[in-house]
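The values are calculated or read from the model by the stated rules, or taken from the named source; none is laboratory data. A quick note: this is a predicted structure, and the numbers were derived from the prediction, not measured. Here the Cβ is made from the backbone with ideal geometry for all residues, glycine too, and neighbour counts use every protein chain on show. With ligands, DNA and RNA removed, areas are computed over all heavy atoms of the protein, side chains included. Shrake-Rupley method; radii C 1.70, N 1.55, O 1.52, S 1.80 Å.
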Amino acid sequence: MPEGNRERVAIWAGERQASMLQGMFDDGRLEPAAIGGEAVSIRQEATRIGVVFHDDPRSLAHADADATLIADPDRVMPTDVLAAMVAEAERARRPLLTLAPRPASIEESAELLASTHLPTPVPTFRDLAAGRRLIDAGIAFETPSGAAIECSGPEREAALTGRLFDAFDLLSAWFGTPTHVDATATRPVGTPSSRPNRIMAIARFSDGRAASVTAGTEVGRHVRMATLYGGGGRLQWNDGRVDWAGRDGEIIDHDSGAPDQRTDFTAELVESIRTQVRIRAGVEPGRTSEATIDLLATCEAVMLSARTGEPESVDAVRRMIGRV
């Protein structure tokens, strides 16, 4: 797509994502091709913007758009509906994007998991200029022996599995795929029956390295934090600021001033969508289907470990979903 053109996006949204649509479209960063959803507020938003409204995600997938986004982390998408959207995206050769990794678990259709065009989770840090700069800095840091990654923010912006996917995708740039994960889940204090809002996991790798990953959906602003340890000393990244100290404590790189701007989820979502459109057009390299399956298996292994209270093998989960 020529530089300067606005990407046309068709979006299926939930009630809690209505304000997100305003942030994506009102300032002209993206052009709405169509909007769909089950909530009255989404229909009203489509009317306000002046675009076609759909009450079936399968019909939304046929809109004339550069990308289709499933922006409703709370909705369980039936396998036949998701399969139809995948097929249409493949036929139209455009990205099908999602705020929650789909299929969401190994319990969903094996046919979908074998697809070469699974929905792509967005936004991921690897899609962003800031993320690529951090990955490059980590390469210059030398091979890290350990790391700590956190990805957190409001629940309406992404599912817990979406934040896990983002964190492990960033971690994989330096560590690859873990062999085992050991995780625990926390819930709001005083409400043990509620669903988890934070996952803390230890990932172990075949070469003896290890890393911690934390993903959260509590109320709060969208944030990523990363720390690498190893022969290069300690490299920390937070809000675009780098603090790199060598093994003897000497300062190698340090941003002492305030960041240019605070992390904004909607801005990252827009940038991630644009990156995925370029990837689908062959302008930029993208994640392979094998890498996506690895990440889905890792996230599922983390969720399984949080339920069982025992370490889980990522390779065993991969075999469970029919991929070896």
- [ ] Specify which of the listed residues (234, 221) is in contact with a strand residue (DSSP E or B) (Cβ under 6 Å, 6 or more places away or on another chain), over 19 Å from residue 297 (Cα atoms) and of a type in the set (D, E, K, R).
- [x] 234
Task: Pair list, Cβ < 9 Å and 6+ apart or interchain, from the range 117-146 residues that are surrounded by fewer than 18 Cβ atoms within 10 Å (Cβ to Cβ) to residues that are outside any helix (DSSP H, G or I) and among the hydroxyl-bearing types (Ser, Thr, Tyr) - done: 130/263; 145/229; 146/212; 146/227; 146/229
Task: Tabulated pairs, the range 22-51, first in contact (Cβ under 8 Å) with a residue 40 or more places away in the chain, second of a type in the set (Val, Ile, Thr) and open to solvent by less than 20 Å² (accessible area, probe 1.4 Å), C-beta under 8 angstrom, 6+ apart or interchain - done: 24/9; 24/11; 24/270; 29/270; 30/9; 30/270; 30/273
Task: Test set (1) surrounded by fewer than 24 Cβ atoms within 10 Å (Cβ to Cβ); (2) touching a Leu at 6+ places or on another chain (Cβ under 9 Å); (3) in a loop (DSSP other than H, G, I, E, B) - residue 178 fails condition number - done: (1)
- [ ] Could you grab me the full set of residues in the range 202-230 that are open to solvent by less than 40 Å² (accessible area, probe 1.4 Å) and more than 30 Å from residue 99 (Cβ to Cβ)?
- [x] 209, 230
Task: Residue, nearest to residue 205 (Cα to Cα), within the range 273-293, restricted to residues that are open to solvent by less than 40 Å² (accessible area, probe 1.4 Å) and not hydrophobic (A, V, I, L, M, F, W, C) - done: 292
- [ ] Would you mind stating whether residue 135 is assigned to a helix (DSSP H, G or I) and over 18 Å from the mean Cα position of the chain (by Cα)?
- [x] no
Task: Unique residue being open to solvent by less than 30 Å² (accessible area, probe 1.4 Å) and more than 27 Å from residue 165 (Cα to Cα) when the list is 7, 45, 88 - done: 45
Task: Set 185, 211: member being closer than 30 Å to residue 270 by Cβ and of a type in the set (Gly, Ala, Ser) - done: 211
Open item on the list: The conditions are (1) buried (at least 20 other Cβ atoms within 10 Å of the Cβ); (2) of a type outside the set (Phe, Trp, Tyr); (3) out of contact with any Lys or Arg (no Cβ under 8 Å at 6 or more places or on another chain), and residue 270 fails exactly one of them. Which is it?
Closed with: (3)
